[in-house]
Amino acid sequence: MNFTMHAKLFFRSFFLQTGWNFAKYQNLGLAFVMFPFLKKIYAQDKDALPSVLQRYLANFNTQPAMASFCFGALAKQEERLAQAKTLPIYQERLSEWNAIKRSLSITSASIGDRLFWGALKPFTLLFALCIWLLLDVNFFEIEIQHTGLVQVFGAVLVAFCTFNVLSLFVKWKGISLSYHAPNNGCFGLTQFDWNKTIYDAKRMGILFASVLLLWGVYYFVNDLSGLTTIQFITRAVIVLFFVSISLITRDLGIPNMYVYIAAMLIFSIVGLF
Amino acid sequence: MGSILLLALVGALLELDTTYAFQLTFSRGIVAGPLLGLLIGDVMTGLQIGIFTELLFVDFSPLGGMLPPSAVVCCAVSLMGCSLGIPAYFSFFFGVLGAIFFSICEIYVRKQRASWVARQEQKIFKKPSYVTWAIVKALGLSFAMTFLFILIFGGAVSNVFVKVLPYLSEQLNIAGKFAYMAVPWIGLATLVSTFRLKAR
């Protein structure tokens, strides 16, 4: 695969999820991503292209950043399929192609969901929140103090870049790693120690989150000069109550948004009567 | 009306990033909030609503076919209310409701889209290059649906509530403030348990 084709797959991969549906998930996106590669492979046999595309329009679902490993592996397997000389070899390679498509999409989704959605996204949120608190952006107050645009968007940029540098690197590198991987190389997936990365990110995350929670408490109750004892107690009760409730509802599997909606309704009813 | 249209337009564009195009996290609360806030000339409220949105929805991840509430819709609807003079502690509530309703609509659309995609597959089978056009159409339809949702839901709720607002008692305002102040604490406590270590 040359650089131009690699770049084409990379840029088209941003539209993998366009047309997402509950019947075949990312099938339309996968066909769109792989289309230039298939067109090139079957340039001499244009009549084969529609039936080949039908295979790509079957069920497919994975994590969008990690999908690059599937693109590279499927491209490699498609080349082998196109070179099959006899029908039995073609059928054998076709069943391999199907097995790889299915298993690799599940494996990469499992890694990607834990890494990108489970660790990196909340971690970059914490990162941005810490920067804002360091820059004295006290978002805990209802009347938030005005700060410069640089402070506001600086933290946004840091979170945005931290997430995307890793995500785009995996997207770009995954294509070539899986395409050039040796037969026993698990399509390039073993090039990275995913479990260690996820574990380290989570370990750092729990540390950051605990520090931020304590820092938040400090910020929230720190400015005692303008507060009466009652106001201070009210604030402390709110913090303790909702932190406890959130931990309990999390274990019960109740989403945060319902806790907030319930709080709004209960407070309003209390306020009315 | 101008700011409502602008918020719906930019909101619908940013919402595409959630699923349908790029996934570069333009659609997450802490990015979309300040950006949409910039449009109505109140970046700080946008930032706060963005942070609160992300903290409130932090326990949702788009795993498999799961559909988290839209952070962009929440920010856009909340800021529509703010642009009309509704305090953030009330408009955020409508933003959260908007995000929940939007995800219900989105589930319905995704179910219906299956038959639309089946029709596109037939066209692709006849003419393979049609796959690009199918993608363009899917993007356009998703954009239009989000734009209309934000415009209709956000516009209607904000315009109705702004008329009700003067009649609300002080106690209801305090109730709204209390619930709003609780959001970061609910989110931060969830973040600690999000990073809970499981067996490797």
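Place the peptides B:116-126, A:37-47, B:55-65, B:17-27 in order of packing, highest mean first, counting for every residue the other Cβ atoms within 10 Å and averaging per peptide.
Peptide ranking by packing, descending: B:17-27, B:55-65, B:116-126, A:37-47.
Only helices at least 27 Å long along their own axis, judged from Cα atoms, and with Kyte-Doolittle mean hydropathy of 0.5 or greater: name those in chain B from DSSP H.
B:130-149, B:170-194
Set the Förster radius R0 to 25 Å, insert the Cβ-Cβ distance between B:LYS123 and A:LYS40 as r into 1/(1 + (r/R0)^6), and round the FRET efficiency to 0.05.
Efficiency at R0 = 25 Å is approximately 0.70.
Counting Lys +1, Arg +1, Asp -1, Glu -1, what net charge surrounds A:LYS121 among other residues with beta carbon under 15 Å of its beta carbon?
Local net charge: -1.
Pairs of Cα atoms under 8 Å, at least six residues apart: use those to get the relative contact order of chain A, whole percent.
18
Report the full-extension gain for the segment B:LYS177 to B:LEU5: residue separation times 0.36 nm, less the Cα-Cα distance, to one decimal in nm.
Stretched out fully, the B:LYS177 to B:LEU5 stretch lengthens by 59.1 nm.
For chain A, find the longest principal axis of its Cα atoms and tell me its angle to the long axis of helix A:67-82, 0 to 90°, nearest 10.
Once rounded, one gets 10 degrees.
Return the whole-Å distance between the Cα centroid of region B:45-65 and the Cα centroid of region B:1-17.
If you average the Cα positions of each part, the centres end up 18 Å apart.
According to the Cα gyration tensor, what semi-axes, each the square root of 5 times an eigenvalue, does the equivalent ellipsoid of chain B have, listed from largest to smallest in whole Å?
In descending order, the three semi-axes are 32, 22, 14 Å.
On a 0 to 90 degree scale, rounded to 10, what angle separates helix A:27-41 from the longest Cα axis of chain A?
40
Scale the Cα Rg of region A:224-273 by the rule-of-thumb value 2.2 N^0.38 Å and send over the ratio, two decimals.
Dividing the Cα Rg of region A:224-273 by 2.2 N^0.38 Å gives 1.37.
Inverting the mean 1/r over all pairs of different Cα atoms, compute the Kirkwood radius of the protein assembly as shown and quote it in Å.
About 23.7 Å for the protein assembly as shown.
B:LEU168 to A:ALA23: FRET efficiency via 1/(1 + (r/R0)^6), r the Cβ-Cβ distance, R0 60 Å, to the nearest 0.05?
Once rounded, the FRET efficiency stands at 0.85.
Assign unit charges at the C-beta atoms only (+1 for Lys and Arg, -1 for Asp and Glu), then state the dipole size of the protein assembly as shown relative to its Cα centre in Debye, rounded to the nearest 20.
My answer is approximately 1900 debye.
If you place +1 on the Cβ of every Lys and Arg and -1 on the Cβ of every Asp and Glu, how big does the dipole about the Cα centre of region A:3-105 come out, in debye to the nearest 20?
The calculation lands at about 100 debye.
Find the centroid of the Cα atoms in region A:183-200 and in region B:125-141, then give the distance between the two in whole Å.
35
Grab the DSSP H runs of chain B that are 4 residues or longer, score each as -39,500 (n - 2.57), total them, divide by all residues and round the 222 nm result to the nearest 500 deg cm²/dmol.
The helix-only estimate for chain B comes to -25000 deg cm²/dmol at 222 nm.
Can you compute the FRET efficiency between A:ASP193 and A:CYS161 using 1/(1 + (r/R0)^6), with r the Cβ-Cβ distance and R0 = 22 Å? Round to the nearest 0.05.
Step by step, r from the Cβ atoms, then E = 0.40.
Relative to the longest principal axis of chain A, what angle (0 to 90°, nearest 10) does the C-alpha long axis of helix A:194-222 take?
Tilt relative to chain A: about 20 degrees.
Please give the peptides A:71-82, A:139-150 ranked by average Cβ packing (other Cβ atoms within 10 Å per residue), highest first, as a rough proxy for protection.
A:71-82, A:139-150
Each reported figure results from applying straightforward, stated rules to the coordinates on display, with no laboratory input. Since this is a predicted model, take the numbers as computed values, not measurements. When we count neighbours, we look across all protein chains shown, and the Cβ atoms used for this are built from the backbone with ideal geometry, even at glycine.
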